[in-house]
1. Answer yes or no as to whether A:A178 is in contact (Cβ under 8 Å) with a residue 60 or more places away in the chain and over 22 Å from A:E110 (Cβ atoms).
2. When the stretch D:165-190 is examined, which residues are found to be under 28 Å from D:L17 (Cβ atoms) and small (G, A, S)?
3. Quick check on my filter: what residues within the stretch D:70-96 are aromatic (F, W, Y) and under 20 Å from the mean Cα position of the chain (by Cα)?
4. Taking only the stretch A:320-330 into account, find how many residues are under 24 Å from A:R265 (Cα atoms) and open to solvent by less than 30 Å² (accessible area, probe 1.4 Å).
5. Taking the stretch A:182-215 only, how many residues are aliphatic (A, V, I, L, M), open to solvent by less than 10 Å² (accessible area, probe 1.4 Å) and under 23 Å from A:A59 (Cβ atoms)?
6. Pick out the one residue from D:T73, D:T62, D:T78 that is under 30 Å from D:S244 (Cα atoms), in contact (Cβ under 8 Å) with a residue 40 or more places away in the chain and among the hydroxyl-bearing types (S, T, Y).
7. Give the residue that is farthest from the other protein chains (Cβ to nearest Cβ), with candidates limited to residues of the stretch C:220-232 that are under 21 Å from the mean Cα position of the chain (by Cα) and modelled with pLDDT of 95 or more.
8. Which one is modelled with the lowest pLDDT, of the residues in the stretch B:109-132 that are within 13 Å of chain C (Cβ to nearest Cβ) and touching a strand residue (DSSP E or B) at 6+ places or on another chain (Cβ under 8 Å)?
Protein chains: 4
Amino acid sequence: MMFLASDNGGPAAPEILAAVQRANEGHSPAYGADALMAEVTRLVREIFEAPEAEVRLVATGTAANALALGTLTEPWQTVFCHREAHVQEDECGAPEFYTAGAKLTLIGGEHARIDPDALARAISETGAKGVHGVQRGPVSLTQATELGAVYSPAELARITALARAAGLPVHMDGARFANALVSLGTTPAEATWRAGVDVLCLGGTKNGLLGAEAVIFFDPAHVADFDFRRKRGGHLFSKHRYLSAQFAAYLTDGLWLELATRANRAAARLAAGLAGIEGASILHPVEANMVFAALPRRIHRRLRAAGAEYYLWPFEQSLDGDPEAPLTMRLVTDWSMPDEVIDRFLEIAADA
Amino acid sequence: MMFLASDNGGPAAPEILAAVQRANEGHSPAYGADALMAEVTRLVREIFEAPEAEVRLVATGTAANALALGTLTEPWQTVFCHREAHVQEDECGAPEFYTAGAKLTLIGGEHARIDPDALARAISETGAKGVHGVQRGPVSLTQATELGAVYSPAELARITALARAAGLPVHMDGARFANALVSLGTTPAEATWRAGVDVLCLGGTKNGLLGAEAVIFFDPAHVADFDFRRKRGGHLFSKHRYLSAQFAAYLTDGLWLELATRANRAAARLAAGLAGIEGASILHPVEANMVFAALPRRIHRRLRAAGAEYYLWPFEQSLDGDPEAPLTMRLVTDWSMPDEVIDRFLEIAADA
Amino acid sequence: MMFLASDNGGPAAPEILAAVQRANEGHSPAYGADALMAEVTRLVREIFEAPEAEVRLVATGTAANALALGTLTEPWQTVFCHREAHVQEDECGAPEFYTAGAKLTLIGGEHARIDPDALARAISETGAKGVHGVQRGPVSLTQATELGAVYSPAELARITALARAAGLPVHMDGARFANALVSLGTTPAEATWRAGVDVLCLGGTKNGLLGAEAVIFFDPAHVADFDFRRKRGGHLFSKHRYLSAQFAAYLTDGLWLELATRANRAAARLAAGLAGIEGASILHPVEANMVFAALPRRIHRRLRAAGAEYYLWPFEQSLDGDPEAPLTMRLVTDWSMPDEVIDRFLEIAADA
Amino acid sequence: MMFLASDNGGPAAPEILAAVQRANEGHSPAYGADALMAEVTRLVREIFEAPEAEVRLVATGTAANALALGTLTEPWQTVFCHREAHVQEDECGAPEFYTAGAKLTLIGGEHARIDPDALARAISETGAKGVHGVQRGPVSLTQATELGAVYSPAELARITALARAAGLPVHMDGARFANALVSLGTTPAEATWRAGVDVLCLGGTKNGLLGAEAVIFFDPAHVADFDFRRKRGGHLFSKHRYLSAQFAAYLTDGLWLELATRANRAAARLAAGLAGIEGASILHPVEANMVFAALPRRIHRRLRAAGAEYYLWPFEQSLDGDPEAPLTMRLVTDWSMPDEVIDRFLEIAADA
């Protein structure tokens, strides 16, 4: 199988399953009072050099983002985010649900990175009408972005400085934070709170877990009423130890970085190969584990016929038509992708 | 450890972990399109003799109940439930959140079974004021109840007949449905849709899973917009196969019933032993995996000193005071509880 | 016409219409920035001896209560109120809507006065389960009550002391506050903030206005984000001066008390007359402008035949059946009710 | 006073106050059961040639729009509207509140008219991701637009045809519908349901009422649960007759059109005068009662010094700076604006 449709289609890492198995001994306090959760908190604080950070686990990225935004946002505020952001495009309105009806103000920017000038304008235009319009709420950015790019520390700092100047908290959707981090080669602290991030949703599911995400509040004041929101949203696990076990193993001995490194390498290999194919072009910087490319329709047809699974991006394109006309696609790699699969994919593409 | 605080404190059954391990091979479509989910649906339809039933999985009981009630209830309606119901007492307002602010009308009744006469009165008094008051919504009942009792088919039929006469759907919180079913010795169909239940939240987490619950819509029309609600609530799992794997294994070869049988037997053994202890009394029928008992304070002190873990029920009781005065307690057993633990508990209690 | 169905069926006082007419000159700033609103605030602060109070106007009692409770209550909290309270029985779930899904905990008590012991129990039982159950929110009481009784200062103080001890704010639904106040013969300050009330919804509509209610925050900190909630709820009037004009006239020269005095006198006259009729009984203290009475069916039939309009209370009673068997009714008077109407009603009743 | 800040700053028409006065006789059924409301419904059906239409009154335009959209929109849908629309810019998120968290998809277009091509694209791009993204909801347009333009019947038909083809209902925010209608010179039916409009929020407040708006459902099926939503939102008036009286008078003998004609004439006079002033330019078609113009800063300073009240539009402009540099403004006229005020305004501007 050549499965490049998503990084949520691959298996969990064996270390994760082993940890779940180990956790499955005897009785344990429920609802996050398990000993493994204390270990998760310890690991996060150590790795992020944030001894005060508060950590909470949930099972899906949508829950993590929506609960975090719900905690940071009043219903009459707006969240500033990129128009391609997952919270806007892929969560069926979960942020609106968890904020009791806040707005999202959509900002443009290349490669799904928020354009700082556009953000500055949007912030400045919001709230001028007093009670008639919605008010300024948090800035939410995605690292790595939905188009596989990564904010450099300087780019990140420009965004967070704008938020800070307006007194707004900064939320980072880090569904692929590990991929961004190994790409940046910086420390977790430099990539987050030292760069002005207040709340990080640290993804695990796309990077080798069964299903677990951490919400990290670098400023413990921001955790506020998160626990009530999580319970009320149905996201507090009774047998919480299985979430904890996944995350503790993930953060132990750098496993999370190792898995992300493998995924990123597979993407780089794929991009390098595609770059050499006539008629192909790479559309966005390949800085994490995603490749956005344009290929002639004839190559798509051949890839599909060979069983390659991936999305045309945007969805609304058709394989019918001029064989030379390019269609754009998204290819996503994960930690489990062997070189052989990448190479076979490239071979089919090149052969077309 | 003598852990009798809850059935969410025990381990998952080994068959479940083995199934998760087996599911962890290669790539799989996400979000419920996995092959194992088709198997879950097939199993539910077969076991419940309900070829049209629609099945959805989530990871927590609160999510299952709240999403089901959200789907069945308009915001200006009220849900009729027992005043001890989990949806009222233990979900931090999740039903209100997922219904966009519906009410719960609380009904009394012994052993946390809804009293049919009180239900009839409540239904009849609701909606008489037209637009000024809230309207009649679903009837929600819990099987087994929060106090460890089980509705007989006849009792169930009385409740559902009232709902049916008023045109109201019936929701069953079946967090311990397996325990009730083996206690009743009837078929899944007889215990649910043939008795007038429209939507069953079939628990797995308390009965040996890592964390998975099924929402079963016997009338497929009731599934309505559940899928949007689940996604928007952050409860649609990307790596859904791990939920499916748990539930498929659970329903295969009667494992779910075997696990419930073990838990019920442990409770029966416990209740029988307590009944023979001077000063002890059993407060509610022991028909599932919970024992509610009153014991003199001196016995509680001894049990606690020996490391027994359980809740005083209600919580607001103190171990200080007259050693002969009884305190009331909840003891919950699960599939993993060996006879030795029960016997040791009884020994300590008897010795006191 | 003998209209005793409600105090919302009568006309507005001529002084009110005259004030609206006077306000209808030239252009005026909108949305509450009109000069008349400043006058309303001045009057409220003076009359209530509360120089810091914040005042906001809306057009309906449901809006006033629901917005006030929305401002005081988190979604995962519960409002403690009487089970007969308007916020529970007559607002179609508006408090749930404006609080984003909080609960109401229903307390008993004679004559729709909250029983302090029952309140104390309810407060003490709430929140013990931590994140699993909803948390304690405001205490809401109605003055005069839904059954026409009035809390004495001492009764009020017992309720508010319980709230204060638990750190909970106190909301007073004062749809008939003027009627209660003239009945008590105390000062507005003694009847509210000096007795521990934090937020008063001061009714006008039932007492001679076209449609205007004031929300008075004695502690300005409690006003919080009320203005956003009001706008977002669609309750901020652009031509606000017409609300202001009504309320300014209402509070000028004691008009509000004069109107309430007339309504109360009519109720007293009615109750005195009914007390002399054989087979009649008065069910609740007549301390404001409502009379709850039981009369034989034959009297009801005669009254209805003569065109008297009032509600059987509760609604679910039938005029068919034993002519001597009593049915219970609610009779409401307003400022505009002439003695002749009362006397004719009594005459018909006596004659029966 | 030269008040051109808004059409909500002027007085109510004398006919309206007289009608309210006439309605203030004796007792009347509450909550919309008054005889005057029947007259309102009769008038709407007759005037709009819509014998099946359902009509409901509320007091504010925000309530009308938000309740209408709440009735038409599921929480997981998005409302397609212009990015300048009142529902987006001026209601503090009321649509999100009343829809329980739906999105608004913002469409561009000149003069605040929705661009049909952009709408077609937005509709086509929505919903493609299934449960992951929000779904298509109603199309909402504003007639006259927020920039004083009017959709021609042909322009309207293009928009509604797109909605119809996608199975989406059409909502018209008609806060200034009367102004648009007299500008178009067509019939109410041609301007609404015959052109594909399903629900019209027919403004009254900006056009000479004290505060009343009608929500007209041309297809009675669309009224659905509006009545519960209105009550629950606190927008059902107990003394409803005063809303009815306003609206009945408004629709009697063409008063609504007469008032709008006066306002439009004042705007035309203003625009004609400004067109002759050196350095001035008119920014949008003046087709209703609003003029958007650019004037050199020196003229603004002079107008302000003379007491003219109006908004710079957008707000974020400063009177400081180059005296010849133009600033853009919004000027709004209402029915009560005498020619003398317009002429004086123009005189000051010309003189500058």
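The values are calculated or read from the model by the stated rules, or taken from the named source; none is laboratory data. The shown structure was predicted, so the numbers you read here are calculated from the model rather than taken from an experiment. Here the Cβ is made from the backbone with ideal geometry for all residues, glycine too, and neighbour counts use every protein chain on show. Heavy atoms of the whole protein, side chains included, go into the accessibility calculation; ligands, DNA and RNA do not. Shrake-Rupley method; radii C 1.70, N 1.55, O 1.52, S 1.80 Å.
1. Yes: the conditions hold for A:A178.
2. D:G174, D:A175, D:A178, D:A180, D:S183 - these are the residues of the stretch D:165-190 that are under 28 Å from D:L17 (Cβ atoms) and small (G, A, S).
3. D:F80
4. Qualifying residue count for the region: 2.
5. 8
6. D:T73
7. For the stretch C:220-232, the residue satisfying everything is C:F226.
8. B:G127
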